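Notes follow once the structure below has been shown.
The values are calculated or read from the model by the stated rules, or taken from the named source; none is laboratory data. Owing to the predicted nature of the structure, the values given are computational and were not obtained by experimental measurement. We place every Cβ from the backbone using ideal geometry, glycine too, and count neighbours over all the protein chains shown. All accessible areas refer to the heavy atoms of the entire protein, side chains included, with ligands and DNA or RNA removed. Shrake-Rupley method; radii C 1.70, N 1.55, O 1.52, S 1.80 Å.
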Amino acid sequence: MRDYETLSVAEAAPHVLVVTLDRPAAANAVTSRMGRDLLDLFTDLAGLDHDWRCVILTGAGRFFCAGGDLKERAGMSDERWRRQHLLFERMIAALLDCPVPVIAAVNGAAYAGGLEIALACDFIHAAEEARFALTEAKLGFMPGSGGTQTLPRAIGERRAKELLLAAMPFSAREALDWGLVNRVVPAEALMPQAVETARAIAGNAPLATRKIKHVVHHGLSLDLRSALMLELEAYGQLIVSEDRQEGVRAFNEKRPPAFKGR
């Protein structure tokens, strides 16, 4: 992984990459530079020339991400705003399409585009003090990085409409109760918990985890019969993989498997 101006990247465990939004003085708000950095990173992760098997996305300091940087946007012409948003659209698409499983470790406030970034991850772990909101309606516009679609898919249409229309903040515990986040833990336990889960994912066959992510993500938009066909197609591709042979061989030899992603 190369160096980024607005992100820090580090290996937390074998095959586990931690990506930290690193503008703590600005609540990790997303600038054009951060948008390009995230787009580049997740585009690279879509390739096959790396051995990362799980990614943890978190924020530096007290915030996860406050959304788009409104100081950068002050005085922007409509055309410049549209061009920047096109970049953000591509950034979110790269995150959604990333074949490597991505865990959002929400360490603090995830507002507006920050919550949309977390929602684009595969699932969310949150610190007890984390707060969430899609606040765009207070500012005269609306979520434009997936929030009107990913939030209702996570918590249901009616609750999502209330939160979106009222721009209503909610707590980590509420997010847990509603199914938005998978775990809520004390702040000091957040990264250890996320790394433990990432280790479990990274220890499994990487071809299998990628196929599972793909089939769940795309199958939900299909009718059941079509989704089952998608699953069977992916299953058939794994049958002929070296990892499938290694997994069965390791089980019978009573040893840990050595998966190669082939």
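Mind checking which residues of region 140-158 are free of Cβ contacts under 8 Å to residues at least 24 places away in the same chain, under 30 Å from residue 74 (Cβ atoms) and either in a helix (DSSP H, G or I) or of a type in the set (Asp, Glu) (or both)?
Answer for region 140-158, where residues must be free of Cβ contacts under 8 Å to residues at least 24 places away in the same chain, under 30 Å from residue 74 (Cβ atoms) and either in a helix (DSSP H, G or I) or of a type in the set (Asp, Glu) (or both): 148, 149.
Kindly state which helices (runs of 4 or more DSSP H) lie completely within region 4-105 and contain at least 1 residues that are within 22 Å of residue 202 (Cβ to Cβ) and open to solvent by 60 Å² or more (accessible area, probe 1.4 Å).
32-45, 78-97
Six or more apart or on different chains, Cβ under 6 Å: which pairs go from a residue in region 64-80 that's closer than 16 Å to residue 6 by Cβ and touching a residue at least 24 places away in the same chain (Cβ under 8 Å) to one that's in a loop (DSSP other than H, G, I, E, B) and small (Gly, Ala, Ser)? Could you list them?
64/108; 66/27; 66/29; 67/112; 69/29
Looking at region 136-145, which of its residues are touching a Leu at 6+ places or on another chain (Cβ under 9 Å) and open to solvent by 30 Å² or more (accessible area, probe 1.4 Å)?
Hits for region 136-145 are 137, 139, 142.
Go through region 1-60 residue by residue and tally those that are at pLDDT 95 or above, touching a His at 6+ places or on another chain (Cβ under 8 Å) and farther than 23 Å from residue 192 by Cα.
Qualifying residue count, region 1-60: 0.
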